[in-house]
Amino acid sequence: MVTVQNKNELIQYNLQSVETQLFNFFGAGTETLRKDDIIHNIHPIVHFDVDNNRIVITMQIKTLIKATSALIVETELVFTYGIIDFSNYVTQDANGIWKFINERDKELIVLLIGISYSTSRGILLEKLKGSTLSNALLPIIDPHDFFKQQKKK
């Protein structure tokens, strides 16, 4: 169990599971690719499962050849985090969308996206070990950038 300090109390969470929902590697024609020849499209999707005291983060990752936009890696990893007394920190708006009561608690999402992304980097490193893309690691990214991206959707 890990805790995050919010304004009045600690939010306790734990990583319950990590699942690979999808992994496709289309390696044909990638033998001569260099790290600079590819781009990664990374999209975290955050879902509040308040009834079960969970936050589920799906990391959708696609790796493409820059010159042709050809898809060479496609993966979807699902991270489930248990949140103790989650309903104490969120409320549902008139449209049925769950939001944090305290704005500061949004940092928990940034933290969990960062953990999910870092773990995704390691999983992909292992899955691509020995392939032509083994040196094309996902870049190190500030998780706040993902949070900003998520807010735009």
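Give the residue from N52, Q92, V73 lying farthest towards the positive end of the charge dipole for the chain; charges sit on Cβ (+1 for Lys and Arg, -1 for Asp and Glu) and the dipole is referred to the Cα centre.
V73
How large is ³J(HN,Hα), in whole Hz, for each residue of the range 62-76 in order, when computed from phi with the Karplus curve 6.51 cos²θ - 1.76 cosθ + 1.60 and θ = phi - 60°, using x for Gly and Pro?
Per-residue couplings from phi come out as 10, 10, 10, 7, 4, 5, 10, 6, 6, 6, 10, 9, 9, 9, 9 Hz.
So for the chain, averaging the separation of alpha carbon pairs under 8 Å that are six or more residues apart and normalising by length, what relative contact order in percent results?
Value for the chain: 24 percent.
Which angle from 0 to 90°, rounded to the nearest 10, does the C-alpha axis of helix 107-127 make with the longest principal axis of the chain?
Approximately 30 degrees, to the nearest 10.
Can you give me the long-range amide H partners of L22? Hydrogens built in the peptide plane at 1.01 Å from N, cutoff under 5 Å, separation of 5 or more residues or another chain.
E76
Tabulate in residue order the Karplus-calculated ³J(HN,Hα) for the range 85-96, using 6.51 cos²θ - 1.76 cosθ + 1.60 with θ = phi - 60°, rounded to whole Hz; enter x for Gly and Pro.
6, 3, 4, 6, 10, 10, 9, 9, 7, 4, 8, x
How large is ³J(HN,Hα), in whole Hz, for each residue of the range 32-42 in order, when computed from phi with the Karplus curve 6.51 cos²θ - 1.76 cosθ + 1.60 and θ = phi - 60°, using x for Gly and Pro?
So the Karplus estimates, Gly and Pro as x, are 9, 6, 10, 4, 6, 8, 10, 10, 10, 9, 10 Hz.
Could you point to the label whose value was computed as volume of the Cα convex hull per residue in Å³ for the structure here, given (1) 212; (2) 189; (3) 122?
From the options (1) 212; (2) 189; (3) 122, the structure gives (3).
Do any of K62/K106; K35/K66; K62/K129 go past 19 Å between their Cα atoms, and which?
Distance filter (> 19 Å) returns K62/K106.
Read-outs throughout are calculated quantities, based only on the coordinates presented, and are distinct from any laboratory measurement. What you see is a predicted model; the values in this text were computed from it and never measured. All Cβ positions, glycine included, derive from the backbone under ideal geometry; neighbour counts span all protein chains shown.
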